[in-house]
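The values are calculated or read from the model by the stated rules, or taken from the named source; none is laboratory data. Since the model is a prediction, treat every value here as computed from it, not as a measurement. Here the Cβ is made from the backbone with ideal geometry for all residues, glycine too, and neighbour counts use every protein chain on show. When the accessible area is computed, the model is the full protein with side chains, heavy atoms only, and any ligands, DNA or RNA have been set aside. Shrake-Rupley method; radii C 1.70, N 1.55, O 1.52, S 1.80 Å.
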Amino acid sequence: MAGPKIFGIGLSKSGTNSLTEALNILGYNAWHGGNHTYHNGHGLWDAIQDRGRRYAEGDTSVNILEGCEEYDAMTDHPIPVVYQHLDKQIPDAKFILTYRNPFDASLSMMRMCYPSWKDNVGDDKARSFSDQVNKNVKHIDEVFKYFWGREDKFIVLDAAKGKANWKMLCTFLGHDPRPHQGKPWPHKFNASHWFPQRWQREGKKPQN
């Protein structure tokens with residue numbers, strides 16, 4: 001494949017890791033923004049956002065995903081920020097919104113990131129639980145409005161639906177769903193494992 005043409009546009013903690021794993025199982029080389037940034041730094045993340053801003057300002061010659069040619073699919077931030085520009089720049093792209101109850105997704109996000117957010121003053125990160133819920137709801141609403149009537153370009157996978165997501169994803173991408181019938185939907189990110197690993201790397205004691 002020549003480059004990314006499948007984009008996961010759900011916000012973090014909506015099942016983006018699970019979608020990435022499902023795409024890898026289907027044979028795509030799928031990139032997860034949060035995982036890549038955690039292990040490799042913010043360089044690519046920042047570059048995609050910067051090129052997205054330039055595109056929005058009228059520089060339509062800019063390749064938003066320059067340097068991402070090795071990937072068939074990309075999920076998580078910053079893809080949800082630039083998805084409308086990618087839709088215009090890559091006409092045959094497909095988009096997948098991972099959905100999780102905004103209250104659950106927001107609680108998970110606050111639990112994971114608030115310890116670092118509270119030390120950063122002056123940025124644009126949500127400062128309260130309600131801010132994070134509103135951010136999730138606003139994004140979901142904007143995605144539905146943008147793709148309204150374009151079912152060939154867009155689907156929603158519900159994190160709570162499990163096995164049902166396989167049939168929907170395979171049908172949307174042109175794969176035979178039968179080999180995946182009955183298989184559990186991937187549950188890739190496990191916070192109970194991730195937090196102790198992070199604390200160990202940072203020299204912190206586990207929280208009770």
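Go through the stretch 65-114 and give me each residue that's on the phi > 0 side of the Ramachandran plot and modelled with pLDDT of 95 or more.
The answer is D76, and nothing else.
Could you please let me know if E70 is among the acidic types (D, E), open to solvent by 20 Å² or more (accessible area, probe 1.4 Å) and in contact (Cβ under 8 Å) with a residue 40 or more places away in the chain?
It is true that E70 is among the acidic types (D, E), open to solvent by 20 Å² or more (accessible area, probe 1.4 Å) and in contact (Cβ under 8 Å) with a residue 40 or more places away in the chain.
Based on what the data block shows, is E70 acidic (D, E), part of a loop (DSSP other than H, G, I, E, B) and in contact with a Lys or Arg (Cβ under 9 Å, 6 or more places away or on another chain)?
For E70, the condition - acidic (D, E), part of a loop (DSSP other than H, G, I, E, B) and in contact with a Lys or Arg (Cβ under 9 Å, 6 or more places away or on another chain) - is not met.
Conditions tested, residue by residue: (1) open to solvent by 20 Å² or more (accessible area, probe 1.4 Å); (2) out of contact with any Pro (no Cβ under 7 Å at 6 or more places or on another chain); (3) hydrophobic (A, V, I, L, M, F, W, C); (4) farther than 30 Å from K183 by Cβ.
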{"position": "N136", "(1), (2), (3), (4)": "no, no, no, no"}
{"position": "V143", "(1), (2), (3), (4)": "no, yes, yes, no"}
{"position": "W148", "(1), (2), (3), (4)": "yes, yes, yes, yes"}
{"position": "W166", "(1), (2), (3), (4)": "no, no, yes, no"}
{"position": "L169", "(1), (2), (3), (4)": "no, yes, yes, no"}
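Give just the number: which of (1) out of contact with any His (no Cβ under 9 Å at 6 or more places or on another chain); (2) buried (at least 16 other Cβ atoms within 10 Å of the Cβ); (3) of a type outside the set (V, I, T); (4) modelled with pLDDT of 95 or more does R54 not satisfy?
Of the numbered conditions (1) out of contact with any His (no Cβ under 9 Å at 6 or more places or on another chain); (2) buried (at least 16 other Cβ atoms within 10 Å of the Cβ); (3) of a type outside the set (V, I, T); (4) modelled with pLDDT of 95 or more, the odd one out for R54 is (2).
Determine if the stretch 77-91 includes at least one residue that is in contact with a Ser or Thr (Cβ under 8 Å, 6 or more places away or on another chain) and assigned to a loop (DSSP other than H, G, I, E, B).
Yes, the stretch 77-91 contains at least one residue that is in contact with a Ser or Thr (Cβ under 8 Å, 6 or more places away or on another chain) and assigned to a loop (DSSP other than H, G, I, E, B).
For K188, only one of the following conditions fails: (1) touching a helix residue (DSSP H, G or I) at 6+ places or on another chain (Cβ under 8 Å); (2) among the basic types (K, R); (3) modelled with pLDDT under 60. What is its number?
Among (1) touching a helix residue (DSSP H, G or I) at 6+ places or on another chain (Cβ under 8 Å); (2) among the basic types (K, R); (3) modelled with pLDDT under 60, the lone unmet condition for K188 is (3).
Limited to the stretch 75-97, what total is found for residues that are open to solvent by 10 Å² or more (accessible area, probe 1.4 Å), in contact (Cβ under 8 Å) with a residue 40 or more places away in the chain and charged (D, E, K, R)?
3
Quick one: which helices (runs of 4 or more DSSP H) sit completely within the stretch 1-66 and have at least 2 residues that are of a type in the set (A, V, I, L, M) and more than 15 Å from the chain's Cα centre (by Cα)?
It comes to 43-56.
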